[in-house]
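**Student:** First the structure, which I've put down as structure tokens, then a few questions once you've had a look.
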Amino acid sequence: MNGIHDMGGMHGMGPVQHEKNEPVFHAPWESRVYTMHIALGAWRKWNIDAARHARELIPPAEYLRMTYYEKWFAGLLDLLVKRALVTSAEIESGTPAAGTVKATPPLTAAIREHLLSYINASRNVLVAPRFQAGQRVRARNINPIGHTRLPRYARGKTGTVERDHGVFVFPDTNAHFLGEKPQHVYSVRFSSRELWGEQAAPRDSVYLDMWDDYLEPA
Amino acid sequence: MNGIHDMGGMHGMGAIQHEKNEPVFHEQWEGRAFGLSFAMDSFDKWTLDAFRHQIELIPPAEYLRIRYYEKWIAAYIELMIKGGLVSRAEVESGIPAQGSPRMKPALPAAQVPAMIASGAPASRNVPASPHFQAGQRVRTRNINPVGHTRLPRYARGKTGTVERDHGVFVFPDTNAHFLGEKPQHVYSVRFTARELWGEQVAPRDSVYLDMWDDYLEPA
Amino acid sequence: MTTKRRDFLAGAVSAAGAAMTPDLSHAHGHPHDHDHAHQVVPSDLTLRVKALESLLVEKGLVDRAALDALVDTYEHKIGPRNGARVVARAWADPAYKQRLLANADAAIAELGYGGQQGEHMLVVENTPQVHNMVVCTLCSCYPWPVLGLPPVWYKSAAYRSRSVIDPRGILREFGLELPEDTEVRVWDSTAELRYLVLPERPAGSEHLTEQQLAVLVTRDAMVGVAKVMLTTEGASA
């Protein structure tokens, strides 16, 4: 979706605020949000693509106002309700609905390794690549209302395939539980001038990892 | 600038809230803010383009959160301070600085009807060679200025057809920054919806934008 | 649960789950038929604007009566009724319609309208084959002399963002479904040209006088998000 999260190339977002010796978590609640997110992910009711998309759905004014883990929290609440682990009423009251049977968490301290397989997005399947290293490609001008990892600033732009990373889950379908549709992902190099015009430095470039479905021959 | 104001084509901004019999001003302060802006414009310390750009400089989270006339107030405060008409201290305290001279209103009440009726034409009666003509295929340049522009991001690097030459107008990209009017031809350019948004949109739809000469190159 | 935690959660839920977050600083987010309730306690904005006006008056920069005149003009004198008269004249008088389409500034001035934010007018005509819609994606440009000041929805992020990419979706939200073979033209007011849509004259209106026709023409139709109907249901919208 052409959401506020898709902010590559925007001006007006202010200077980068560099905090010295920044703690991992600025407040305990941030660490609880982070760990809850991972622990609840073990129920396999959603995937990482759906989790990203849930954050993209935060209304733009809120998205810009919220701190990072506030957004994780908002996204987590959305997932919990949409994937029926919790109801809105339970969230607002803070107590389980009457008669709910207590479940057993799938993720305990003893099975941390489980996490690694959950996040692995590569797939060991045979899929024919449409492009190869050295080839000129153009990013398609798609404007889906759902999840995509093709930023607006790169659409319709021409670049060069630098590397074929192999086969991965496709977020545009996976985020919406429409299947993994595994396909090749390529590192594509775009010159800065291609993206931003003649004012950009002539030797600079931006590399994006692009799924096969995003590309057409140039 | 590629600011939050440049929102053509964005998703996620919610449903249209359509209020029946909407009043012109929802609260009295809105009308006062509206009036103040014209009263202060009359000092000729800034241009309409500079005003638009000042709004664009409102931080994005604020821009999306605050109400329409709040943006005007925020912009006008900055313009007035930059224009030397008030100081920030005066705005924050609400009290004129000690010893500051009393001025005369640039817009007395009696002049309001004439000011509204005459408007502020942006056309300029100067010779300027048009680089393009009706029927010609053009491409918008891929510019990404940090300053004011009226070429939206969704239309950059896109190919369209000149439908009409509107004549010569002030150029906002320079005028907003007090770098001169640089008058030039403005054209109505038609872009097919598919050129802008891809194959998913209706094949016969289009978007027309008014484009200054400097925004275009031959296609 | 403490109140703070509940508020935080409730806020997060509404932010995450809602398609539209209620904007707490904007009390007018939903359609009302009644007049807006005025707050008992002056809002922060009321105080801030009052303070600013007083400062500028005290410094001699602003004539309060000029502000009164400006508010009065746009609240009562300049509004969509002007554009409705232009449209009705064009429907009733084919020669006027030709002049309007050829040179909108002059034709609109014939009815006594013009000036601020309408110095460079263009009229775009709706036909059974072509439907026009007007927007300003970058800010809120709008033809004041014929339509008055723009409504909140026209200036909203929702309209500005979606009108250029999904005009048919917007029209659907306004209750207008267009046939697939109708061509939709969206006019993004990037320059000082201001656009007025000349809606199609409703069928069955042949017997109406120009004044009766004018009553039917709504602002929404002149922006291009509605058609003109024979009933006067939405006449003030």
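The values are calculated or read from the model by the stated rules, or taken from the named source; none is laboratory data. Quick caveat: nothing in here was measured; it's all calculated off a predicted structure. Cβ placement follows ideal geometry from the backbone for every residue including glycine, while neighbour counts extend to all protein chains displayed.
**Student:** Just to be sure I understand, how many residues within segment A:121-157 are over 19 Å from A:Asp6 (Cα atoms) and either within 11 Å of chain B (Cβ to nearest Cβ) or not in a strand (DSSP E or B) (or both)?
**Tutor:** Final tally of qualifying residues: 14.
**Student:** Continuing with the same structure: With respect to B:Lys104, is the statement that it is touching a strand residue (DSSP E or B) at 6+ places or on another chain (Cβ under 6 Å) and of a type in the set (Lys, Arg) true?
**Tutor:** On the way: touching a strand residue (DSSP E or B) at 6+ places or on another chain (Cβ under 6 Å): no; of a type in the set (Lys, Arg): yes.
So B:Lys104 fails the test.
**Student:** Here is a follow-up. For segment A:141-158, how many residues meet the condition of being over 27 Å from A:Trp46 (Cβ atoms) and in contact (Cβ under 8 Å) with a residue 40 or more places away in the chain?
**Tutor:** 2
**Student:** Have a look at B:Gly12, B:Gly83 and point out the one that is more than 7 Å from chain C (Cβ to nearest Cβ), closer than 30 Å to A:Arg152 by Cα and of a type outside the set (Ser, Thr, Tyr). Give the steps one after another, and end with the answer.
**Tutor:** Numbers: B:Gly83 fails: closer than 30 Å to A:Arg152 by Cα.
Just one listed residue meets the conditions, B:Gly12.
**Student:** Would it be correct to say that A:Phe168 is in contact with an Asp or Glu (Cβ under 8 Å, 6 or more places away or on another chain), of a type in the set (Phe, Trp, Tyr) and either within 14 Å of A:Val185 (Cβ to Cβ) or surrounded by 18 or more Cβ atoms within 10 Å (Cβ to Cβ) (or both)?
**Tutor:** Details: in contact with an Asp or Glu (Cβ under 8 Å, 6 or more places away or on another chain): no; of a type in the set (Phe, Trp, Tyr): yes; either within 14 Å of A:Val185 (Cβ to Cβ) or surrounded by 18 or more Cβ atoms within 10 Å (Cβ to Cβ) (or both): yes.
Taking the combined requirement at face value, the residue does not satisfy it.
**Student:** Given the condition out of contact with any Asp or Glu (no Cβ under 9 Å at 6 or more places or on another chain), at pLDDT 95 or above and part of a helix (DSSP H, G or I), answer yes or no: does some residue in segment A:7-29 qualify?
**Tutor:** Scanning segment A:7-29 turns up at least one residue that is out of contact with any Asp or Glu (no Cβ under 9 Å at 6 or more places or on another chain), at pLDDT 95 or above and part of a helix (DSSP H, G or I).
**Student:** With the requirement that a residue be at pLDDT 95 or above and surrounded by fewer than 20 Cβ atoms within 10 Å (Cβ to Cβ), what does segment A:46-65 give you?
**Tutor:** Once the filter is applied, which keeps residues that are at pLDDT 95 or above and surrounded by fewer than 20 Cβ atoms within 10 Å (Cβ to Cβ), segment A:46-65 yields A:Ala51, A:Arg52, A:Arg65.
**Student:** Out of C:Ala90, C:Ala84, C:Ala95, C:Ala107, I need the residue that is assigned to a helix (DSSP H, G or I) and under 15 Å from the mean Cα position of the chain (by Cα). Which one?
**Tutor:** Only one candidate passes the filter, namely C:Ala84.
**Student:** If you don't mind, there's one more thing I want to ask. Test B:Asp213 against the stated conditions and say whether it is under 20 Å from C:Leu122 (Cα atoms) and within 12 Å of chain C (Cβ to nearest Cβ).
**Tutor:** yes
**Student:** Which one is farthest from the chain's Cα centre (by Cα) among residues in segment B:136-150 that are closer than 15 Å to B:His166 by Cβ and not β-branched (Val, Ile, Thr)?
**Tutor:** It comes out as B:Gln136.
**Student:** Kindly check whether there is at least one residue in segment B:108-126 that is surrounded by fewer than 19 Cβ atoms within 10 Å (Cβ to Cβ), assigned to a strand (DSSP E or B), within 17 Å of the chain's Cα centre (by Cα) and at the interface with another protein chain (Cβ under 7 Å from one of its Cβ atoms).
**Tutor:** yes
**Student:** Mind checking whether some residue in segment B:134-149 is of a type in the set (A, V, I, L, M, F, W, C), in contact (Cβ under 8 Å) with a residue 24 or more places away in the chain and within 22 Å of B:Met7 (Cβ to Cβ)?
**Tutor:** Taking every residue of segment B:134-149 in turn, at least one turns out to be of a type in the set (A, V, I, L, M, F, W, C), in contact (Cβ under 8 Å) with a residue 24 or more places away in the chain and within 22 Å of B:Met7 (Cβ to Cβ).
**Student:** Just checking, does segment B:42-57 include any residue being more than 15 Å from the chain's Cα centre (by Cα), small (Gly, Ala, Ser) and facing chain C (nearest Cβ under 7 Å)?
**Tutor:** no
**Student:** Name the pairs whose Cβ atoms lie under 7 Å apart, with the first residue in segment C:191-216 and in a helix (DSSP H, G or I), the second of a type in the set (D, E, K, R), and 6 or more positions between them or separate chains?
**Tutor:** Final answer for the pair search is C:Glu210/C:Arg89; C:Ala214/C:Arg85.
**Student:** Among the residues that make up segment C:40-53, is at least one of them at pLDDT 95 or above, out of contact with any Phe, Trp or Tyr (no Cβ under 7 Å at 6 or more places or on another chain), in a loop (DSSP other than H, G, I, E, B) and more than 7 Å from every other protein chain (Cβ to nearest Cβ)?
**Tutor:** Scanning segment C:40-53, I find no residue that is at pLDDT 95 or above, out of contact with any Phe, Trp or Tyr (no Cβ under 7 Å at 6 or more places or on another chain), in a loop (DSSP other than H, G, I, E, B) and more than 7 Å from every other protein chain (Cβ to nearest Cβ), so the answer is no.
**Student:** Can you tell me which residue is nearest to A:His53 (Cα to Cα) among those in segment A:77-90 that are at the interface with chain C (Cβ under 8 Å from one of its Cβ atoms) and aliphatic (A, V, I, L, M)?
**Tutor:** A:Leu77
**Student:** Another question about this same structure. Among the residues of segment C:141-162, write down those that are under 14 Å from the mean Cα position of the chain (by Cα) and of a type in the set (Ser, Thr, Tyr).
**Tutor:** C:Tyr142, C:Tyr154, C:Ser156, C:Tyr159
**Student:** I'm trying to understand the selection: among the residues of segment A:27-66, which are free of Cβ contacts under 8 Å to residues at least 12 places away in the same chain and within 18 Å of B:Ala61 (Cα to Cα)?
**Tutor:** Within segment A:27-66, A:Pro59, A:Ala61, A:Arg65, A:Met66 qualify.
**Student:** Right, next: Check segment A:202-215 and report whether any residue there is more than 27 Å from A:Ser122 (Cα to Cα) and within 14 Å of chain B (Cβ to nearest Cβ).
**Tutor:** For segment A:202-215, residues more than 27 Å from A:Ser122 (Cα to Cα) and within 14 Å of chain B (Cβ to nearest Cβ): present.
Each row is one residue, and each column tells you yes or no for (1) crowded, with 19+ Cβ neighbours inside 10 Å; (2) among the aromatic types (Phe, Trp, Tyr); (3) touching a strand residue (DSSP E or B) at 6+ places or on another chain (Cβ under 6 Å); (4) assigned by TED's automatic domain parsing to the domain that holds B:Val207.
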position	(1), (2), (3), (4)
B:Ser129	no, no, no, no
B:Asn142	yes, no, no, yes
B:Thr149	yes, no, no, yes
B:Val162	yes, no, yes, yes
B:Asp165	no, no, yes, yes
B:Phe171	yes, yes, yes, yes
B:Thr174	no, no, no, yes
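**Student:** Same structure again: Restricting the search to segment A:32-45, which residues are among the small types (Gly, Ala, Ser) and either exposed (fewer than 14 other Cβ atoms within 10 Å of the Cβ) or assigned to a loop (DSSP other than H, G, I, E, B) (or both)? Give the derivation first.
**Tutor:** Looking only at segment A:32-45, we keep the residues that are among the small types (Gly, Ala, Ser), and these are A:39, A:41-42.
Result: A:Ala42, single match.
**Student:** Which residues, counting only those in segment C:67-105, are more than 14 Å from chain B (Cβ to nearest Cβ) and among the small types (Gly, Ala, Ser)?
**Tutor:** Within segment C:67-105, C:Gly83, C:Ala84, C:Ala88, C:Ala90, C:Ala92, C:Ala95 meet the criteria.
**Student:** So how many residues does segment A:165-205 have that are in a strand (DSSP E or B), under 30 Å from B:Arg141 (Cβ atoms) and in contact (Cβ under 8 Å) with a residue 24 or more places away in the chain?
**Tutor:** Qualifying residue count, segment A:165-205: 6.
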